[in-house]
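Q: Got a structure for you, questions after.
The values are calculated or read from the model by the stated rules, or taken from the named source; none is laboratory data. Predicted model only: the values in this text are computed from it and were never measured. Every residue, glycine as well, gets a Cβ built from its backbone with ideal geometry; the counts of neighbours run over all protein chains shown. These area figures cover heavy atoms from the full protein model, side chains too; ligands, DNA and RNA do not enter into them. Shrake-Rupley method; radii C 1.70, N 1.55, O 1.52, S 1.80 Å.
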Amino acid sequence: LAVNRIMGRGAFIVFEGLDRAGKSTQVSMLTDALRARGVAVQKQSFPDRSTAIGKLIDDYLTKKVELSPEAAHLLFSANRWECKDRLIKSLEEGTTLVVDRYAASGAAYAAANSGQTLEWCSQPDRGLPAPDLVVFLRVAEEEQQKRANWGEERFERVETQRKIGKNFDRLADSRTWFGLDAQRDKAAIHAEILERVLRAIQECADQSVKAL
Ligand code: T5A
Ligand code: NA
């Protein structure tokens with residue numbers, strides 16, 4: 001598209017971190033700030049609990065249904081695959097995507113929960129669009145537990161979170177991951193993220209969307 005060549009494609013920005021790290025808070029702050037600067041931007045969360053698959057995932061997370069860990073993992077992945085075409089279309093039209101959790105959450109949580117290897121757990125997402133930047137929010141367990149509604153959903157236990165944290169460390173790729181201390185003031189965290197994201201938007205404008 002001629003428009004793409006002039007404007008560039010949008011950036012695929014993903015937020016990752018343990019439960020209550022502040023992802024949703026920062027996703028909203030970033031989306032608002034980009035919009036205020038005239039950047040075309042869309043927000044997306046995974047799991048997307050609004051679809052049929054997403055409703056089943058919600059029942060699983062809130063402990064209304066039981067599933068084998070592997071079956072649950074494949075549903076989380078299917079929930080990303082059902083959005084694939086829409087995500088790519090938005091990026092190609094020049095819209096930057098700000099996404100709350102993605103494939104790294106899938107692999108890190110499933111490996112902690114199922115006992116399958118990280119490699120096994122990474123397979124179902126191979127072929128999905130790859131993030132240009134993964135913003136990784138770091139919080140200590142004491143801080144996590146102080147934040148609202150801790151302990152209600154399925155994976156909100158200290159032992160599980162420790163395993164998931166180790167998995168995230170193994171998945172972190174120095175080229176695309178940007179880790180930061182998420183225990184500071186919300187505005188300070190936001191300022192650091194915004195600066196890095198504006199750079200990512202420029203850097204990927206003339207690159208094609210890569211695949212996981
Ligand atoms: N999952 C997910 C899988 O197992 N596989 C997958 O493939 C995927 C995609 C639900 C669960 O599903 C698992 C992971 C999860 O266990 P979710 O819907 O994203 O995933 O749920 P959570 O990540 O648990 O969402 P939370 O809402 O708990 O965490 P957030 O988004 O990280 O945190 P946020 O922004 O809502 O903030 C939490 C609280 O902290 C405060 C906020 O005001 C809020 O009260 N807060 C701060 N307090 C002090 N200082 C700061 N800087 C703060 N920032 C936020
Ligand atoms: Na969230």
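Q: Looking only at the range 44-55, count every residue that is open to solvent by 40 Å² or more (accessible area, probe 1.4 Å) and either farther than 21 Å from Q123 by Cβ or touching a Ser or Thr at 6+ places or on another chain (Cβ under 8 Å) (or both) and tell me the total.
A: Residues meeting the conditions: 5.
Q: Here is a further query. Please count how many residues of the range 29-65 are aliphatic (A, V, I, L, M) and either at pLDDT below 95 or within 14 Å of ligand 2 (Cβ to nearest atom) (or both).
A: 4
Q: Moving on. Give the residues of the range 148-164 that are among the hydrophobic types (A, V, I, L, M, F, W, C), open to solvent by less than 40 Å² (accessible area, probe 1.4 Å) and within 14 Å of ligand 2 (Cβ to nearest atom), sorted by residue number.
A: F155
Q: Of P129, P69, which residue is more than 14 Å from ligand 1 (Cβ to nearest atom) and at pLDDT 95 or above?
A: Selected residue: P129, the only one of P129, P69 that is more than 14 Å from ligand 1 (Cβ to nearest atom) and at pLDDT 95 or above.
Q: Return the pair list, or none, for Cβ contacts closer than 9 Å from residues in the range 172-184 that are over 19 Å from E119 (Cβ atoms) to residues that are more than 16 Å from ligand 1 (Cβ to nearest atom), at least 6 apart or on different chains.
A: F178/L133; F178/R196; F178/V197; F178/A200; G179/A172; L180/R196
Q: Something else now. Restricting attention to the range 37-61, and to residues there that are within 13 Å of ligand 1 (Cβ to nearest atom) and among the basic types (K, R), which single residue is nearest to A72 (Cα to Cα)?
A: Out of the qualifying residues, it is R49.
Q: Can you find, within the range 67-95, the residue that is least open to solvent (accessible area, probe 1.4 Å) among those that are within 17 Å of E156 (Cβ to Cβ) and more than 16 Å from ligand 2 (Cβ to nearest atom)?
A: Among those that are within 17 Å of E156 (Cβ to Cβ) and more than 16 Å from ligand 2 (Cβ to nearest atom), it is A72.
Q: At least 1 residues that are small (G, A, S) in each: list the helices (runs of 4 or more DSSP H) lying fully within the range 99-179 that qualify.
A: Correct list: 103-114, 118-122, 158-171.
Q: Yes or no: D19 farther than 30 Å from Q207 by Cβ, open to solvent by less than 40 Å² (accessible area, probe 1.4 Å) and within 13 Å of ligand 2 (Cβ to nearest atom)?
A: yes
Q: While we're on this one: Given the criterion touching a strand residue (DSSP E or B) at 6+ places or on another chain (Cβ under 9 Å) and loosely packed, with under 13 Cβ neighbours inside 10 Å, identify the matching residue among D173, D185.
A: The match here is D173.
Q: Could you please let me know if Y102 is near ligand 1 (Cβ under 10 Å from one of its atoms), touching a strand residue (DSSP E or B) at 6+ places or on another chain (Cβ under 8 Å) and open to solvent by less than 40 Å² (accessible area, probe 1.4 Å)?
A: Taking the combined requirement at face value, the residue satisfies it.
Q: Against the condition within 12 Å of ligand 2 (Cβ to nearest atom) and open to solvent by less than 10 Å² (accessible area, probe 1.4 Å), how does A11 come out, does it pass?
A: No.
Q: For the range 10-36, how many residues are in contact (Cβ under 8 Å) with a residue 60 or more places away in the chain, more than 8 Å from ligand 1 (Cβ to nearest atom) and more than 12 Å from the chain's Cα centre (by Cα)?
A: Result for the range 10-36: 7.
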